[in-house]
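The values are calculated or read from the model by the stated rules, or taken from the named source; none is laboratory data. Everything numeric here is computed off the predicted structure, so don't read it as measured data. Glycine gets a Cβ as well: all are built from the backbone with ideal geometry, and neighbour counts include every protein chain shown. Surface areas here come from the heavy atoms of the whole protein model, side chains and all, with no ligands, DNA or RNA. Shrake-Rupley method; radii C 1.70, N 1.55, O 1.52, S 1.80 Å.
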Amino acid sequence: MHRRRIVLTSGVAFGLVAALAAQGAPAIAHTRPAPSKHVLVLSVDGMHQADLTWYVKQHPHSALAALTRHGRDYTNAATTFPSDSFPGMVAQFTGADPGTSGVFYDDTFNHALLPAGTTDCRTTAKGAEVSFTEAADVSQNPITLDAGQGIGSPALAALPTNTLAQTLAAKKALTASILKLTPKAVSLLNPAALPVNPKTCTAVLPHQYIRTNTVFEVAKQAGLRTAWSDKHPAYEILNGPSGTGIEDLFTPEINSVADAAGDDWTTDNALTAEYDSFKVAAVLNEIKGRDHSGTKYVGTPAVFGMNFQTVSTAEKLPTSDGLTGGYTKAGTPGPLLTRALGFVDAQVGRMLQGIHQRHLEGSTTIVLSAKHGQSPISPAALRRVDDGAIIDALNAGWTSAHPGAKPLVDFAVDDDGMLMWLSNRSAAARSYVTHYLLTHSAPANLITDPKGTFSSTVQSSGLTRVLTGAAADRFVDAKPGDPHAPDLIGIGQYGVVYTGKVGKIAEHGGDATADRHVPLVVAGAGVRHGVVGAHVATTQIAPTILRLLGLDPKALAGVRIDHTAVLPGVIKH
């Protein structure tokens, strides 16, 4: 399929507004009567379509069951590849695949930018890590829940919790404290931790990195209110190139210190649920027509919502709170994941109740999906492989054969697949790394193996195939030589998780069905009922949101470039 693309200097989205204007971007306007006034988007990270189907069957009177029963249930939806949180969320609000948006992961590399902290922008060699994670926060050592704002949010374990009353009071105090977080998440980022634009010699903020505009920008330009809640301040990328798309962006830092041991909110599933409850509180305030803090009346947003992390950590953690994580041998949710699904269902129920109490049922649509799934679902398939050892050996072989050369791998991100950016992008270098990975066998740790023992071996570095150069660009539909895009894509064997530890039993980012087959339900105002089994993509959420609000989906560059359609048969006529 031929696609028109915007050519951007150095792969960075400066000057995007002018580029869009030159391509005849439509004016922001209400194109038809709006079926809905409010669209609430919920991303349950890690949730598979199979999880939703199982839970609804087990709990037919649940809130999740009500959404599927009274909405449009797309049972064959796929998220993006790579199936990471960052491109997955960007896709839902831009209508663009990673090759178009330029967003491939939350921690990547860019061949056209300069390393963080660069001050000599004339002679410094190009090539920089782009870390839009907790590493970009103002607060470091320790990282705090408020990301460095200084509002003094204590760790939950620092509060007295000897009795149930104390526990409830502690949670209430912590929630009240973190809700004071600024709605301008960009102020929580440290420019010194961000890559540098060689043309301006200034830090590249997340919203300056994305190449396509967002639903939030389109809605705001139409005079509608916008809000969102997510897990890192770097999610200000959803502001879009204007930097102003989201009026109320609430981003408590999930990878901050949560207990006396210094663990973060992802290391214990109960802590993750507590963390998610902060964002639920923000959304409930917004349903009431207030800002996320609950202190100002501003009106219920036209586009708002949050992501849940509780299901994701319940799938990843081997055990937590005395419960086994992940799935049973039969492939159904185990006890920890069952509890996590129940938690999410209860929070969705609270939101539905809030919508009812505000008499917003007739004007609110809910979209429920997931940024990504998680793999493997089968515990017996798990093979934990130390990717660090593979890359070290690969680099050692390259430098041995090429004295004086840099290590070949500039940067890699490996969860249940491999993405690599190479210091040498020649055909010879690509041939070397491909041959090495596909002929290398690596020790693997099974789910029953103690830490440090490897009772199995994976062939081909745990990969089924390796794509480099033009083949890699085509796979993610990137422009040839795109400095944002990985030079190498390794598709993981089912069950392989790249880690040198035993602290997780599943991951995402890869191309497995379990990584990408996610739920997609649209329910509420203006929506038809019924099950749709046709293949759809989570990128289609973006134009659907705009159509629901009576706005033109083609106001999104990603929709125009990737020809992203509104979800089929979703809106009543």
**Request:** Rounded to the nearest Å, what's the spacing between the alpha carbon centres of region 308-327 and region 536-573? Just the number, please.
**Result:** 34
**Cα centroid separation, region 278-304 to region 45-121 (Å)** = 23
**Request:** Scan region 392-474 for chymotrypsin sites (Phe, Trp or Tyr not before Pro) in coil per DSSP, keeping those whose Cβ has at most 16 other Cβ atoms within 10 Å, and list them by number.
**Result:** Phe454
**Request:** Skip the ligands, DNA and RNA, and give the accessible area per residue of region 191-324 with a 1.4 Å probe, whole Å².
**Result:** 26
**Asked** What pairs in Lys231/Lys501; Lys184/Lys279; Lys180/Lys371; Lys231/Lys451; Lys180/Lys231 have C-alpha atoms more than 21 Å from each other?
**Response** Lys231/Lys501; Lys180/Lys371; Lys231/Lys451
**Prompt:** Given +1 on the Cβ of Lys and Arg, -1 on the Cβ of Asp and Glu, and no further charges, what dipole in debye does the chain carry about its Cα centre, rounded to the nearest 20?
**Reply:** 1660
**Item:** Rule-of-thumb Rg ratio for region 87-138 [Cα; 2.2 N^0.38 Å; N residues]
**Value:** 1.34
**Prompt:** Which of the aspartates and glutamates could a cross-linker bridge to Lys554, judged by Cα under 14 Å and excluding same-chain residues fewer than eight apart?
**Reply:** Glu217, Asp562
**Sites matching trypsin sites (Lys or Arg not before Pro) across region 321-367 that sit in DSSP coil, with at most 11 neighbouring C-beta atoms within 10 Å** = Lys329
**Item:** Cross-link partners of Lys172 among aspartates and glutamates (Cα-Cα below 15 Å; sequence separation of 8 or more within a chain)
**Value:** Glu274, Asp276
**Request:** Determine the percent antiparallel among the DSSP beta bridges restricted to the chain, to the nearest 5.
**Result:** 65
**Request:** Report the Stokes-Einstein translational diffusion coefficient (µm² s⁻¹, integer) for the chain, Rh taken as the Kirkwood radius over Cα pairs, at 10 °C with viscosity 1.306 mPa s.
**Result:** 66
**Request:** Collect residues whose amide H, placed 1.01 Å from N in the peptide plane, falls under 5 Å from the amide H of Asn213; neighbours closer than 5 in sequence don't count.
**Result:** Ala557, Gly558
**Prompt:** Amide H to amide H, which residues 5 or more places from Ser83 or on other chains are under 5 Å from it, using H placed in the peptide plane?
**Reply:** Gly509, Gly510
**Helix-derived mean residue ellipticity, 222 nm - over the chain, DSSP H n ≥ 4, -39500 (n - 2.57), to 500** = -8500 deg cm²/dmol
**Message:** Suppose a student asked you for the relative contact order of the chain, using Cα pairs under 8 Å spaced at least 6 residues apart; what percent would you report?
**Reply:** 26
**Fill in**
For Phe308, other-chain or 5+-apart residues with amide H closer than 5 Å (H placed, Pro excluded) are Ser43, Val44, Asp45
**Request:** Would you mind telling me the share, in percent, of accessible area of region 314-430 contributed by carbon and sulfur at probe 1.4 angstrom?
**Result:** 55
**Asked** Across region 361-370, in residue order, what do the Karplus-derived ³J(HN,Hα) couplings come to in whole Hz, using 6.51 cos²θ - 1.76 cosθ + 1.60 with θ = phi - 60° and x for Gly and Pro?
**Response** 4, x, 10, 10, 10, 10, 10, 10, 8, 8
**Message:** How many angstrom lie between the Cα centre of region 208-230 and the Cα centre of region 371-447?
**Reply:** 37
